[in-house]
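Below you'll find the structure, written out as structure tokens, and then a few comments.
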Amino acid sequence: MPRTIIGLNDAKAVKRYSAFLAVDTAKISYWSKRFMGAGETASTPIQMLTQLESEAGEQISFDLSMQMKMQPVEGDDTLRGQEEDLKFYTDQVYIDQMRGGVNTGGRMTRKRTVHNLRNIARRRQSEWWARLFDELFFIYLSGPTPGATTGFQNPGYLFRNTYTGFANNSLQAPDSNHIMYGDGTSKATLTSAGKMTRNLVERASTKAETMGGGTEELPQLQPIMIEGEEHFVLLMHTYVAYDLRIESGAGGWLEIQKAAATSEGRNNPIFKGGLGMLANVVLHKHKNVLRFTDYGAGANVAAARNLFLGEQAGVCAFGSPGTNLRFDWNEETEDRGNQVVITTSSIFGVKKTRFNSQDYGVMAMDTAAADPG
């Protein structure tokens with residue numbers, strides 16, 4: 001009986017599985033399905049830049065136009081020579097290639113199983129890519145100091161705590177205007193009592209609403225617009241979310257949950273999976289928020305770098321590998337044709353957005369984060 005066979009490295013299989021990989025990865029990725037949007041008008045924490053998907057190049061530059069700050073000329077006073085120049089600050093993101101692969105085994109391995117190893121390889125690599133992207137977003141937005149002792153201490157990460165960045169996009173620590181502490185004023189003065197509290201969330205919301213803009217040379221942290229309402233997002237480590245829940249009490253936590261459930265924007269992806277809302281800040285938790293073990297005067301306080309997010313906290317840019325898709329799929333044999341190896345790759349770049357040496361859409365909130373178990 002005639003049947004269609006899509007053989008090794010068949011062009012149809014390459015394109016099909018490349019497309020599947022992109023869709024699967026976006027669905028699985030925590031950041032992609034909640035916090036990412038394409039284009040300059042996307043009101044999301046992560047902005048996707050698409051210029052290099054169809055054009056050659058390795059770098060995308062993007063600008064921030066600062067607000068005017070000139071004092072107005074009144075009456076018949078002369079305006080000539082008093083006009084203000086337009087001021088722009090520029091940031092850029094580079095792209096490079098990352099690759100991963102699966103060896104599906106030899107002929108007898110494939111013969112002994114009823115599984116479609118190509119499909120299984122696709123699922124496993126989709127999960128791997130989603131995990132990789134999520135970790136990069138956490139690392140870049142947090143800006144940890146690399147090092148075996150000073151770096152983040154998340155044992156399940158693909159990336160080691162000595163990681164220094166990718167594609168010429170260096171890691172950038174939070175500037176002094178965009179970091180808060182649970183108590184104290186620095187890493188060295190944070191104590192084990194400096195946990196996440198309702199008051200700290202309120203303080204962060206107030207600071208975000210009043211910081212920068214106007215005549216200051218400080219970019220304003222822009223809120224995320226959801227159904228005409230202004231919101232920020234607080235992404236906490238699971239331990240930190242526990243501290244906030246306990247501190248709020250059962251009644252207070254119920255109020256936080258109700259605030260999100262009754263919001264006009266409750267169907268927006270940013271609300272999906274959220275814990276609740278406090279002071280128009282949508283609360284989220286994730287175990288991959290960066291953790292540290294060397295805070296406090298004795299460098300022995302466990303802490304987490306929670307992320308307070310507005311618009312365009314970070315950017316992600318893709319470049320096509322030549323297939324007009326964001327991922328490339330390649331199959332080849334090894335051991336004289338006995339083993340099939342599937343390799344996937346993507347050309348992209350990720351970075352935190354920064355203008356005039358100031359973080360733009362993210363504020364670090366460093367708090368104590370002890371394991372409650």
- Inside the stretch 329-344, the number of residues satisfying the requirement of being modelled with pLDDT of 80 or more and in contact with a helix residue (DSSP H, G or I) (Cβ under 6 Å, 6 or more places away or on another chain) is 3
- Message: Take the conditions closer than 30 Å to Glu217 by Cβ, among the aromatic types (Phe, Trp, Tyr) and modelled with pLDDT of 70 or more and apply them to Tyr94. Does it pass?
- Response: yes
- Message: Checking Tyr163 against (1) in a loop (DSSP other than H, G, I, E, B); (2) under 30 Å from Tyr17 (Cβ atoms); (3) out of contact with any Gly (no Cβ under 8 Å at 6 or more places or on another chain); (4) modelled with pLDDT of 70 or more, only one condition comes out false. Which one?
- Response: (3)
- Wholly within the stretch 186-286, which strands (runs of 3 or more DSSP E) include no fewer than the required count, namely at least 1 residues that are in contact (Cβ under 8 Å) with a residue 60 or more places away in the chain and surrounded by fewer than 16 Cβ atoms within 10 Å (Cβ to Cβ)? 224-226
- Residues of the stretch 116-130 being touching a residue at least 40 places away in the same chain (Cβ under 8 Å) and surrounded by fewer than 20 Cβ atoms within 10 Å (Cβ to Cβ), in sequence order, are Leu117, Arg118, Arg123, Glu127
- Task: Report whether or not Thr344 is crowded, with 23+ Cβ neighbours inside 10 Å, within 19 Å of Asp134 (Cβ to Cβ) and among the hydroxyl-bearing types (Ser, Thr, Tyr).
- Result: yes
- Query: From the list Ala297, Ala317, Ala303, which one is touching a residue at least 60 places away in the same chain (Cβ under 8 Å), farther than 30 Å from Gly228 by Cβ and in contact with a strand residue (DSSP E or B) (Cβ under 8 Å, 6 or more places away or on another chain)?
  - Reply: Ala303
- Can you pull out the residues in the stretch 255-281 that are under 14 Å from Ile226 (Cβ atoms), in contact with a strand residue (DSSP E or B) (Cβ under 8 Å, 6 or more places away or on another chain) and among the β-branched types (Val, Ile, Thr)? Ile270, Val281
- Message: Exactly one of these conditions fails for Val301: (1) crowded, with 20+ Cβ neighbours inside 10 Å; (2) under 16 Å from the mean Cα position of the chain (by Cα); (3) at negative phi. Give me its number.
- Response: (2)
- Identify, from the list Leu141, Leu136, Leu158, the residue that is hydrophobic (A, V, I, L, M, F, W, C) and surrounded by fewer than 17 Cβ atoms within 10 Å (Cβ to Cβ). Leu158
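The values are calculated or read from the model by the stated rules, or taken from the named source; none is laboratory data. Everything numeric here is computed off the predicted structure, so don't read it as measured data. We place every Cβ from the backbone using ideal geometry, glycine too, and count neighbours over all the protein chains shown.
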